[in-house]
Each structure stands twice: as structure tokens, then as C-alpha cells.
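> Dumping the structure here so I can ask a few things about it.
The values are calculated or read from the model by the stated rules, or taken from the named source; none is laboratory data. This is a predicted model, so every value here is computed, not measured. So basically every Cβ, Gly included, is an ideal-geometry build from the backbone, and we count neighbours across all protein chains shown.
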Amino acid sequence: MSEEAAVREDICMMAKSLYDRGLTAGSSGNISARLSDGRLLVTPTGSSFGRLDPARLSLFDGEGRLIGGDKPTKEMPLHVAFYETRPKKTGAVVHLHSCHSVALSVLPGVDPDNMLPPLTAYSIMKLGKVKLLPYFMPGDPAMGDAIRGLAGKRSAVMLAAHGPVVSAKDLEAAVYAIEELEETAKLAMLTRGANPSLLTDAQIADLVRTYDVEWD
Ligand SMILES: [Zn+2]
């Protein structure tokens with residue numbers, strides 16, 4: 001199977017897995033993945049993660065021109081901003097409208113620079129600090145500008161009252177990381193107000209050093 005055919009299959013398979021577990025509903029969420037020649041595959045606008053067709057994914061050339069498939073998601077600015085600002089580290093971007101992350105994003109007392117409380121090691125290892133960005137109207141190109149404003153320092157952001165956007169070196173890593181984000185938000189919601197014990201600054205520093213976590 002060619003690289004392109006395999007990536008097309010992987011996008012649809014992982015999207016269905018996310019959909020089947022309720023991590024994004026209806027026609028929400030979008031995925032992009034870059035091929036080794038610089039072309040980009042993207043999930044189409046209005047499509048459901050539950051039944052994507054590998055043959056109809058939007059295909060862009062290395063200059064960002066649509067060269068095949070259906071019309072892409074209107075949330076393209078989110079994806080493009082990660083490929084532009086983290087070119088060496090971004091092979092895929094996943095965006096979901098996942099329940100617990102959105103719930104946490106609209107509550108008071110959330111640190112906008114580091115949205116997730118340090119409840120487990122894996123959220124720190126896989127995501128670094130998750131930046132909480134403001135609310136934007138769907139399709140507003142300013143969403144992309146807000147990500148560009150981070151100058152490539154964050155692999156994961158949360159759009160308030162909307163959903164998380166996570167980039168990684170490849171599709172599998174991006175999916176695992178966004179699942180970790182949602183699971184940690186769920187833990188934060190479950191333990192909110194119950195005075196949970198958090199990882200200490202020293203434990204966090206150990207993780208950051210040992211696993212080379214981006215923690216600026
Ligand atoms: Zn969205």
C-alpha cells in the first residue's frame with residue numbers, strides 16, 4: 001500500500017475510533033496529516049468521524065492548494081498554524097469537540113497558561129502545558145493567529161467553549177495526546193472542589209527533565 005493510501009485509511013480508522021467512544025459527536029472534529037512529500041490530507045467540512053470515506057478526504061499540495069477530494073473543514077486555520085509554527089515537529093493535527101475539555105474550559109479558576117491540573121504524569125509527558133485560548137466564532141481565521149502567537153512553543157491548545165487542538169509528529173501520537181488531554185480534563189472535573197493531591201513542583205520538574213517535555 002502506498003504511503004498516501006495508508007494515511008487515508010489511518011485517518012478514517014482513528015476518526016471512527018474517536019467517534020465510537022464519544023470523544024467527538026455529530027459532524028464535529030477534524031484531522032489533518034502531512035505526507036512525506038509535503039502534501040496534506042484533511043477531513044472534509046460537514047463530515048462525521050463515524051463514516052469518513054478515505055477516497056473523499058481533501059488533499060492539498062505543498063503550497064496549500066486544494067488538489068483533490070471534498071471541500072476541507074472550515075477549521076483549516078487551526079491546522080495550518082501548527083504546520084507553519086512547528087514545521088519539524090508537526091506531522092498531524094487533531095481537533096475534537098470533547099465534552100470534559102470543553103466543560104473545564106468554561107469554569108472559573110482555570111489557569112489559561114496551563115489549563116490542566118497536574119493530576120497524572122502522562123498528561124505532562126504527552127502534552128506539556130496546554131494553553132487555554134479565548135472563544136472564537138467557528139471559522140474565524142483569528143483562531144489560527146492565536147496559535148501563531150504562541151510562536152511554536154505549545155503542541156496543544158484548548159479553544160474555550162469549543163474544543164482542544166493537538167499537534168504531534170504523526171497521527172497516532174496526536175490521537176494519543178488528545179485522548180490524554182480529554183482524560184485529564186475528565187479527571188479534573190471528577191476531582192474538582194475535592195482538594196485532590198497534585199504532583200509536586202519537584203515531581204513535575206523530574207518529568208520535564210527526564211522526558212524532555214516542552215514546558216516554557
Ligand atoms: Zn471545532
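> Which members of segment 31-59 meet the condition of being within 18 Å of the chain's Cα centre (by Cα), assigned to a strand (DSSP E or B) and farther than 21 Å from Ala156 by Cα?
If the condition is that a residue be within 18 Å of the chain's Cα centre (by Cα), assigned to a strand (DSSP E or B) and farther than 21 Å from Ala156 by Cα, then Pro44 is the only one that fits.
> Are any residues in segment 131-152 surrounded by 14 or more Cβ atoms within 10 Å (Cβ to Cβ), assigned to a loop (DSSP other than H, G, I, E, B) and more than 16 Å from the ligand (Cβ to nearest atom), and if so, which ones?
Leu150, Gly152
> Something else: Looking at segment 87-108, is at least one residue modelled with pLDDT under 95 and aliphatic (A, V, I, L, M)?
no
> Hey, could you check segment 65-106 for residues that are within 12 Å of the ligand (Cβ to nearest atom) and farther than 20 Å from Asp170 by Cα and say which is surrounded by the most Cβ atoms within 10 Å (Cβ to Cβ)?
Ser101
> Any residue in segment 64-83 that's more than 10 Å from Met143 (Cβ to Cβ) and assigned to a loop (DSSP other than H, G, I, E, B): show its pairings with residues that are among the hydrophobic types (A, V, I, L, M, F, W, C) and more than 14 Å from the ligand (Cβ to nearest atom) at Cβ separation under 9 Å, as long as the two are six or more apart or on different chains.
Cβ pairs passing all conditions: Gly64/Leu40; Gly64/Val80; Gly69/Leu41; Gly69/Ala55; Gly69/Leu57; Gly69/Leu59; Asp70/Leu57.
> How many residues are within 16 Å of the ligand (Cβ to nearest atom) and small (Gly, Ala, Ser) when one looks only at segment 161-185?
The qualifying residues number 5.
> Also: Answer with yes or no whether Leu116 is surrounded by 24 or more Cβ atoms within 10 Å (Cβ to Cβ) and within 16 Å of the ligand (Cβ to nearest atom). Can you show your working first?
Details: surrounded by 24 or more Cβ atoms within 10 Å (Cβ to Cβ): yes; within 16 Å of the ligand (Cβ to nearest atom): no.
It is false that Leu116 is surrounded by 24 or more Cβ atoms within 10 Å (Cβ to Cβ) and within 16 Å of the ligand (Cβ to nearest atom).
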